[in-house]
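The values are calculated or read from the model by the stated rules, or taken from the named source; none is laboratory data. Note that the structure is predicted; figures quoted are calculated from it, not measured. Neighbour counts are summed over all protein chains in view; Cβ atoms, including those assigned to glycine, are modelled from backbone coordinates with ideal geometry.
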Amino acid sequence: MKNTKHWAIFLSNSANKQVFIQQLLSRKATGIFEDLNKANGLLFSSLTVNDFIDEENRHGFTAVTKHLDRSLKSMSSGEQKKALLNYLVAQQPDYLILDNPFDNLDVAAQASLLEMLHEIGTHTSLIQLINRERDLLSFITNVVSIEKNNQLVVHEDLQTFLENYRKNQTSSFSGEIPPPIKHYDLPNPALIKFNKVNVSYGEKHILKDITWTIHKNEFWHLVGPNGSGKTTMLSMITGDNPKGYGQDLTLFGRRKGTGETVWSIKNNIGYVTPAMTDLFTASHTLEQMLMSGFYDSIGLYHKPSDLQIKLAKQWLTLIEMDKLCKKPFFRLSTGQQRMALIARAMVKHPPLLILDEAIAGLDDHNASLVISLINKIANESESTILYVSHRNEAELFPRNIFQLFPSEEGSAGVVMK
């Protein structure tokens, strides 16, 4: 079978895409995809990459890198996806399932992958699962959406579908940001100050002569390609990286290594990353998870005060989740969880709010909600925001950009307006 008909499958964060993927790969598809039960399909996904990395860890090698001189785990996200795609195409499948192929890729890696997919699409059918309209491959004209209860809905005309789809993506919040529970005694207007900071691990240079000052009430976007050192920068700011000792690095008014503790640093920070979702177990209700933000703990191990309970309820009302307060956190949708994580980070009104890929993996509707909440926090609170992402969001309005540019000597940083 070499029919190069292509499909876009629009997902919401409430859809169970794994059910759809397994139906296709196990040749149990129904409806418009029933013909694929006679075809050979393969999955191009970050999960597939992780499976091969697990195989590599167990056996020391994997088929994906058989003809390469590098291990899969040593590659950047973009290099891993390119290696996987070449491996899958070499098996000459009738179709490929592309599971959000551009997620977690920087601009250059996205462009390289896009070029590969355009060429592959000339001879192999592609089924693209996507959360964001901007990722839609331009040559795909057949569209299906997965609605509630995992129902597949076929749309006859792509443009008509997109017009209706866009009408549901605008979001805003009408309430006010709840007030802070305390005020931080930080007289210095500079919260974070790097002065010619360098980071190396053996012969591998990560950061070179980083000079950057983050002041109060600013909104920054930290940007750079995969492997440029963004994660290293964050670990220096949070005090987790021992490479900060002996360097001209000042965190919240104190030079690194002058008697501060990791916890005294973290007291000034609210942190959000999608990986935090898995830290909260079945026993944590949404309300408990939110109030744990007052203590920077995973779980609520203190009896909250009446004021803390009141403020938590106000945050839940603001994000329109107050009726879900007793629901287990892990049972919320991905979008709801992400909103709750941001509210949890903000309940104490930290001097610095770090949003590390806070929009990654969200569908357009939930991305719009999160973007609206971030802009509201930027406009109505005194917290400085450090937003970290590979990609720009058209409706998000950071006022300053710190860009990392990789080189063999380590990434240099430049402030861009």
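For Ile127, the requirement of being closer than 16 Å to Leu36 by Cβ and in the same structural domain as Phe33 (by TED's automatic domain parsing) is met.
It is to be established whether one or more residues within the range 100-117 are surrounded by fewer than 16 Cβ atoms within 10 Å (Cβ to Cβ), within 22 Å of Ala360 (Cα to Cα), in contact with a helix residue (DSSP H, G or I) (Cβ under 7 Å, 6 or more places away or on another chain) and of a type in the set (Asp, Glu). Taking every residue of the range 100-117 in turn, none turns out to be surrounded by fewer than 16 Cβ atoms within 10 Å (Cβ to Cβ), within 22 Å of Ala360 (Cα to Cα), in contact with a helix residue (DSSP H, G or I) (Cβ under 7 Å, 6 or more places away or on another chain) and of a type in the set (Asp, Glu).
Considering the range 380-397 alone, what residues qualify as being modelled with pLDDT under 95 and of a type outside the set (Asp, Glu)? Result: Ser389, His390, Arg391, Asn392, Ala394, Leu396, Phe397.
Considering the range 319-375 alone, what residues qualify as being in contact (Cβ under 8 Å) with a residue 40 or more places away in the chain, farther than 21 Å from Glu176 by Cβ, β-branched (Val, Ile, Thr) and not in a helix (DSSP H, G or I)? Within the range 319-375, Ile354 is the sole residue that qualifies. Restricted to the range 26-45, and to residues there that are in contact with a helix residue (DSSP H, G or I) (Cβ under 8 Å, 6 or more places away or on another chain) and part of a helix (DSSP H, G or I), the residue that is surrounded by the fewest Cβ atoms within 10 Å (Cβ to Cβ) is Phe33.
Selection of the range 376-395 for residues being outside any helix (DSSP H, G or I) and more than 17 Å from the chain's Cα centre (by Cα) yields Ser381, Glu382, Ser383, Thr384. Put simply, of Gln18, Gln23 the only residue that is of a type in the set (S, T, N, Q), farther than 20 Å from Gly335 by Cα and either without any contact (Cβ under 8 Å) to a residue 12 or more places away in the chain or part of a loop (DSSP other than H, G, I, E, B) (or both) is Gln23. Looking at Lys73, is it surrounded by 13 or more Cβ atoms within 10 Å (Cβ to Cβ) and among the charged types (D, E, K, R)? For Lys73, the condition - surrounded by 13 or more Cβ atoms within 10 Å (Cβ to Cβ) and among the charged types (D, E, K, R) - is met.
The test for being in contact (Cβ under 8 Å) with a residue 40 or more places away in the chain, touching a Leu at 6+ places or on another chain (Cβ under 8 Å) and surrounded by 12 or more Cβ atoms within 10 Å (Cβ to Cβ) holds for Lys216.
Restrict the check to the range 233-246 and report whether at least one residue is crowded, with 17+ Cβ neighbours inside 10 Å, of a type in the set (Ser, Thr, Tyr) and part of a loop (DSSP other than H, G, I, E, B). There is at least one residue in the range 233-246 that is crowded, with 17+ Cβ neighbours inside 10 Å, of a type in the set (Ser, Thr, Tyr) and part of a loop (DSSP other than H, G, I, E, B).
Taken together, the residues in the range 44-71 that are under 18 Å from Val89 (Cα atoms) and basic (Lys, Arg) amount to 1.
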